[in-house]
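Here is the structure we will look at, set down as structure tokens.
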Amino acid sequence: MGGFAGSHHHAIARLEERGHARLVCTCDPREAAFGVEQQTWRLPARGVRVFRDYRAMLDTCHRELDLVVVPTPIQLHAEMHAAATALGLPTYLEKPPTLDYAELEQMIRHDARAAKSSLVGFNFIIEKPRLALKERLLAGEFGAVRGATLSALWPRPTSYFARNNWAGRLLIDDRAVLDSCMGNAMAHFVHNLLFWVGTKELFSWAQPAAVRAELYRAHAIEGADTFFVEADTTAGVTMRFALTHACSGPSTHLEMVLCDKAVIRYAVGHATEVRWSDGRVEKSVPAPFDGLVENHLDYQRYLCGASPRPATTLADSRPFVVLNDLAHISSRTIAPVPPALVRSVRDEKEQKEYLDVAGMVAAHENFLVKGLWPGARGWERAAGEVATPTELTRFHDTVRAMAAARPRL
């Protein structure tokens, strides 16, 4: 009931007030720790049963359920999805579904047991301005897509990595977790960029053909807090991703699609801009968008037969999971950011400490615009090797080696 599960509780309560949903039951192994939340959400008054074990919850209540919402830690997604689909129940599965390509394939097989396909909660695919621009891309209005970039700088305090037992982890009990800015916090935007470059139809995603990456850590964590990733797609488009939690100040993110006739600049929740080669500029400000509520409603339309498909299925998540796995295989190691570049910044208002890497914004710009890798420009690491999907079999050994080489925590 804590973390992002609390956000789902708020969203479903709003939907219930509007007559669009009814919460039958919920589960948390520490349900006694959320007494205040249960009263705030009026769970007893709404007749919501609370369980400590999801298996007991499903065994008791499955005949009353149309779907199961799974907003739990990454490493629990596969087993909970398997338990629900074994009962024929589709799931609203929080992103990422998993970050292990082999586990994803197993989940796709399990999903066939449910009455309807599960939804993976990448929140922004159904934004109407995004869908309208993708339609225009597919129609060729902007010319051929030549490239796409994502820059995201999201400061996270050092306490962020101590909030639970899986934050920033590569492995738990020898199972891949890979919690990171790319795999978790900024996964929406990575998935968005793959969506822009998908060419088959509206709901299609680019397929990575070759990936090169440099992964870094400034924080004392097992995984990476900074990613520089370049991917060539099967359609011949070059994509670049520069992502970090090792910064301070305001959060920023920007998706860009580079076409023959125009450049699209899209930042979730901010102004969208289409800058044409002939000098014209289109600007628009998005209407308010409640991602969770809208995704629940969109999934409900699919479950009721009013929509042909969920916004993102497990199969649609393949490009994202493969890209993330190949980035780790390519990088081979997670290099420490040179200590001379890292400083501690205290936010007195928040009473929290941040680690800020000097030159991070410039490193993003040099990589995204010029293709210059930080490893060759003072960050003191060898370049990543090119990794292709045929090398996914190296994934588990690579992650184990990365975990074995982790800093002393």
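The values are calculated or read from the model by the stated rules, or taken from the named source; none is laboratory data. The shown structure was predicted, so the numbers you read here are calculated from the model rather than taken from an experiment. Cβ coordinates were reconstructed from backbone atoms using ideal geometry, including for glycine residues, and neighbour counts include every protein chain displayed.
Annotations for the structure displayed:
- Among the residues of the range 285-308, not one is of a type in the set (S, T, N, Q) and modelled with pLDDT under 95.
- Residue within the range 310-327 that is part of a loop (DSSP other than H, G, I, E, B), touching a residue at least 12 places away in the same chain (Cβ under 8 Å) and of a type in the set (A, V, I, L, M) present: yes
Results for (1) outside the structural domain of G147 (by TED's automatic domain parsing); (2) in a strand (DSSP E or B); (3) among the aromatic types (F, W, Y); (4) in contact with a strand residue (DSSP E or B) (Cβ under 7 Å, 6 or more places away or on another chain), shown as yes or no for each residue.
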position	(1), (2), (3), (4)
I221	no, no, no, no
E230	no, yes, no, yes
L243	no, yes, no, yes
L254	no, yes, no, yes
L258	no, yes, no, yes
V263	no, yes, no, yes
D278	no, no, no, no
E282	no, yes, no, yes
L292	yes, no, no, no
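- T252 vs. criteria over 29 Å from P308 (Cα atoms), in contact (Cβ under 8 Å) with a residue 12 or more places away in the chain and buried (at least 24 other Cβ atoms within 10 Å of the Cβ): no
- Any hit, the range 358-376, residues being loosely packed, with under 15 Cβ neighbours inside 10 Å, assigned to a helix (DSSP H, G or I) and not aliphatic (A, V, I, L, M): yes
- The set of residues from the range 1-25 being closer than 20 Å to N164 by Cβ and crowded, with 17+ Cβ neighbours inside 10 Å comprises M1, A5, H8, H9.
The rows are residues; the columns are (1) under 26 Å from the mean Cα position of the chain (by Cα); (2) among the aliphatic types (A, V, I, L, M).
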{"residue": "G47", "(1), (2)": "no, no"}
{"residue": "D59", "(1), (2)": "no, no"}
{"residue": "R63", "(1), (2)": "no, no"}
{"residue": "V69", "(1), (2)": "yes, yes"}
{"residue": "E105", "(1), (2)": "yes, no"}
{"residue": "H110", "(1), (2)": "yes, no"}
{"residue": "A114", "(1), (2)": "yes, yes"}
{"residue": "S117", "(1), (2)": "yes, no"}
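- Residue count for the range 377-409, restricted to those that are within 25 Å of the chain's Cα centre (by Cα) and aromatic (F, W, Y): 1
- Within the range 288-309, the set of residues being touching a residue at least 40 places away in the same chain (Cβ under 8 Å) and closer than 25 Å to E201 by Cβ comprises F289, G291, E294, N295, H296, L297, D298, Y299, Q300, Y302, L303, R309.
- Scanning the range 274-285 for residues that are under 13 Å from F142 (Cα atoms) and either among the aliphatic types (A, V, I, L, M) or surrounded by 13 or more Cβ atoms within 10 Å (Cβ to Cβ) (or both) yields V274, R275, W276, V281.
- For the residues T149, T199, the requirement of being touching a residue at least 24 places away in the same chain (Cβ under 8 Å) and surrounded by fewer than 19 Cβ atoms within 10 Å (Cβ to Cβ) singles out T199.
- Residue that is farthest from L292 (Cα to Cα), among those in the range 26-69 that are touching a residue at least 40 places away in the same chain (Cβ under 8 Å) and surrounded by 11 or more Cβ atoms within 10 Å (Cβ to Cβ): L65
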